[in-house]
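Q: Let me give you the structure first, and then I'll get to my questions.
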Amino acid sequence: MAEKFGSTLLCAPVVEKTVEEMVAEMSAARSQGADVAELRIDHLAAFEMRPDLELLIKNRPLPVLVTYRPKWEGGQYEGDDRKRFEALHLAMELGAEYVDVELKVAREFLHFLSGKRPEGAKLIVSSHNYQFTPSTEELSTLVARIQAVGADIVKIATFAVDICDVARMFQVLVHCQGLQVPMIGLCMGERGVISRILCPKFGGYLTFGTLSAGKESAPGQPTMSDLLDVYRIKQIGVDTKVYGLIGKPVGHSKSPKLHNAVFKAVGLNAVYVPFLTDNLANFLNTYSSPDFTGFSNTMPHKETAVTLCHEVDPVAKSIGAVNTIIRRQTDGKLVGYNTDYTGAISAIEDGIRGLQGHKDGTVSPLAGRLFVVIGAGGAGRALAFGAKYKGARVMIANRTYDRARELADLVGGQALSLTELENFHAEEGAVLANTTSIGMNPNIHDTPLSSKQALSSYAVVFDAIYNPKVTRLMREARECGAALVSGEEMFLRQAMGQFELFTNSSAPSDLMREIIMKST
Ligand code: NAP
């Protein structure tokens, strides 16, 4: 059945155990901004068909979708289908806007309804695959089968084994939109999250958001408040540009909150999503359209990105890590940058300038200065090459001495063991930069340099760790009289650098700082 397409509906699954709780959840769903509430009556503890459905449907505060999912399709109901059909039929009679029935029994259900199908209720015929996402051809065949059975709305939910699986669902959604076939197409699991956020861009009829974390009716559902307030799904449309964080894991990152808030503030038609990615090459090959415009890129893909970008900024190349990938709009080529080093180094430069009341921005205050980096991993390399690039004399201290030696050789500096660092007295004005995870939550009582005597020889101390905001190293450095530069400042500035690369315009720094300060 053809239907006029509007914006994608936001549906809140209501999965509480008692009918009274479900009524309360419906009101909560409405006040949170849902367009539809999905009543999962298979989740009701003791379901009494007529009284419960009357209570739920007659005074409903928003349109409802009634689902009575059997065990064999991932639900809770274990009885025979006839009772389910009766309940769905009654829900239609009572005025439910939508009912959902599984493809496997859709013919039987329509046969059951024949001659007594109430007007008004739309029939969603659904198919769930909890193992994997089939090929585009198989998905298209499934759509045709669901349509042929007499669905008003096609629903296909599959499991995303890999984030690239979602692209096939997007393809099928676009195809259905062209044919004016209303379709709900979602991929379950943490690798399918983008299907739930980006479906409005590809013409999805409806997406599901939970009322709060922990109330998912299927794996991977985001909360309604994330969908509405962070990702602003009501504003996502066909022209919305997509940005995001590639990495594994990505769930802990503050970047979606930060970048989406900034896009909103500057009025950009863009969304920033988490891309939980196993294989960077596959991801970049799959999401290759100009709409996937720019990416933040984090562990474990920073090194691989250097080899996959068509062009790489020279300092990023020497560091051997790319944390930002831009799809150049003129020729589609991928260009790699490293804003970790620009973020950290500019923050440290400003820290020194603040100490000196030094206003001259043309010459780096790092030129000629001793710069001691603790750590020889990704952040260590970024700081070491960044400092060298600015003319500093670099020393590397690391737990694994050989790695310190290797990095020191690359930047033309000296290597130290962590024990040597404890006894090292730096010259006046030296900078100390911790790039290890020593002192990071939950090990907040640890420090990479415990000798106060050694610590007091540094004028400026930087810690890449941003959780906690003030580490033991920073606290003790402050007691020793050093100027501090925080990992949070590095994070903020690397994000500002990314915004500038994403948009070719200067970052709203005060706003970004305010958002970061407010975040926990
Ligand atoms: P990485 O590549 O895994 O490197 C980790 C470094 O820490 C290595 O040098 C390692 O020494 C050292 N290390 C780890 N555990 C240690 C321990 N228990 N004792 C002594 N040394 C230890 O990690 P990364 O990406 O560089 O990240 C390092 C830190 O920087 C993390 O805390 C991360 O959150 C932070 N970071 C912050 C930002 C920001 O924006 N503020 C950006 C990037 C990273 P070995 O060589 O001996 O293994």
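Q: Let me make sure I get this right: for region 8-238, a, b and c are the square roots of the gyration tensor eigenvalues over alpha carbons, sorted descending. Under 1.5 in a/c it's rounded, otherwise prolate if a/b > b/c, else oblate. Which is it?
A: Judged from the Cα gyration tensor, region 8-238 comes out oblate (a/c at least 1.5, b/c at or above a/b).
Q: Give me, ordered by chain and number, the residues 5 or more places off Asn434 or on other chains with an amide H under 5 Å from its own placed amide H.
A: Ile374, Phe462, Asp463, Ala464
Q: Which one, Val322, Gln131, Ala34, projects farthest toward the positive side of the charge dipole computed for the chain from Cβ point charges (K/R +1, D/E -1)?
A: Val322
Q: A further question follows. Mind checking which of Val273, Gln171, Met517 is farthest towards the positive end of the chain's charge dipole, using Cβ charges of +1 (Lys, Arg) and -1 (Asp, Glu) about the Cα centre?
A: Met517
Q: With unit charges on the beta carbon (Lys/Arg positive, Asp/Glu negative), name the residue among Ala305, Val411, Met395 whose Cα is farthest towards the positive pole of the charge dipole of region 294-427.
A: Value computed over the given set: Ala305.
Q: Where Rh is the Kirkwood radius over the Cα pairs of the chain, the temperature 25 °C and the viscosity 0.890 mPa s, what D in µm²/s does Stokes-Einstein return?
A: It comes out at roughly 96 µm²/s.
Q: I would also like to ask the following. Taking 8 Å as the Cα distance limit and 6 or more residues as the minimum spacing, I'd like the relative contact order of region 343-419 as a percentage.
A: It rounds to 25 percent for region 343-419.
Q: Once each part is reduced to its C-alpha centroid, what is the distance from region 462-520 to region 396-439 in angstrom?
A: When both Cα centres are located, 22 Å separates them.
Q: For region 341-485, rounded, prolate or oblate, judged on the Cα gyration tensor with a ≥ b ≥ c (square roots of eigenvalues), a/c < 1.5 rounded, else prolate if a/b > b/c?
A: Because its axes are fairly even, with a/c under 1.5, region 341-485 counts as rounded.
Q: About the Cα centre of the chain, what is the dipole size in debye to 20, counting +1 per Lys and Arg Cβ and -1 per Asp and Glu Cβ, all else neutral?
A: The dipole of the chain has a size of about 620 debye.
Q: Here's something else I'd like to know. Taking only C-alpha pairs under 8 Å that are 6+ residues apart, what is the relative contact order of region 8-238 in percent?
A: Rounded, it is 18 percent for region 8-238.
Q: What number, in percent, do you get for the relative contact order of region 263-367 if the mean sequence gap of Cα pairs under 8 Å and at least 6 apart is divided by its residue count?
A: Taking the mean separation of contacting Cα pairs over the length of region 263-367, I get 19 percent.
Q: If you rank Val238, Val372 by fewest surrounding Cβ atoms within 10 Å, what's the result?
A: Val238, Val372
Q: On to the next question. How would Ser31, Ser195, Ser451, Ser457 line up from fewest to most surrounding beta-carbon atoms within 10 angstrom?
A: Fewest-to-most Cβ neighbours within 10 Å comes out as Ser31, Ser451, Ser457, Ser195.
Q: Taking the simple approach of a point 7 Å from Cα along Cα-to-Cβ for both Arg50 and Arg328, what is their distance in nm?
A: Modelled inter-label distance: 7.3 nm.
Q: Another question about this same structure. Charges at C-beta only: +1 for Lys and Arg, -1 for Asp and Glu. How large is the resulting dipole of region 80-160 about its Cα centre, in Debye rounded to 20?
A: Its charge dipole is roughly 120 debye.
Q: Select from region 404-445 those GluC sites (Glu not before Pro) which occupy a DSSP coil region and have at most 15 other Cβ atoms within 10 Å, ordered by residue number.
A: Of the GluC sites (Glu not before Pro), the ones in loops of region 404-445 whose Cβ has at most 15 other Cβ atoms within 10 Å are Glu427, Glu428.
Q: Label points 7 Å out from Cα along the Cβ direction at Glu303 and Ser225: separation in nm?
A: Roughly 4.0 nm, to one decimal.
Q: Based solely on its DSSP helices, what 222 nm [θ] is calculated for the chain when runs of n ≥ 4 H residues each add -39,500 (n - 2.57) and the sum is averaged over all residues, nearest 500 deg cm²/dmol?
A: When only DSSP H runs of four or more count, the value is -11500 deg cm²/dmol.
Q: For the residues Ile516, Ile153, what sequence is obtained by ranking on other C-beta atoms within 10 Å, fewest first?
A: Fewest to most other Cβ atoms nearby, the residues stand as Ile516, Ile153.
Q: Could you give each residue of region 164-176 its phi-based ³J(HN,Hα) in whole Hz, using Karplus coefficients 6.51, -1.76, 1.60 with θ = phi - 60°, and x for Gly or Pro?
A: 5, 4, 5, 4, 5, 5, 4, 4, 5, 4, 4, 4, 5
Q: How would you classify region 187-234 from its alpha-carbon gyration tensor, with a ≥ b ≥ c the square roots of the eigenvalues: rounded for a/c under 1.5, else prolate if a/b is greater than b/c, otherwise oblate?
A: oblate
Where a number appears in this text, it was derived from the coordinates with a stated rule and is not lab data. Computed from a predicted structure; not experimentally measured. Cβ coordinates were reconstructed from backbone atoms using ideal geometry, including for glycine residues, and neighbour counts include every protein chain displayed.
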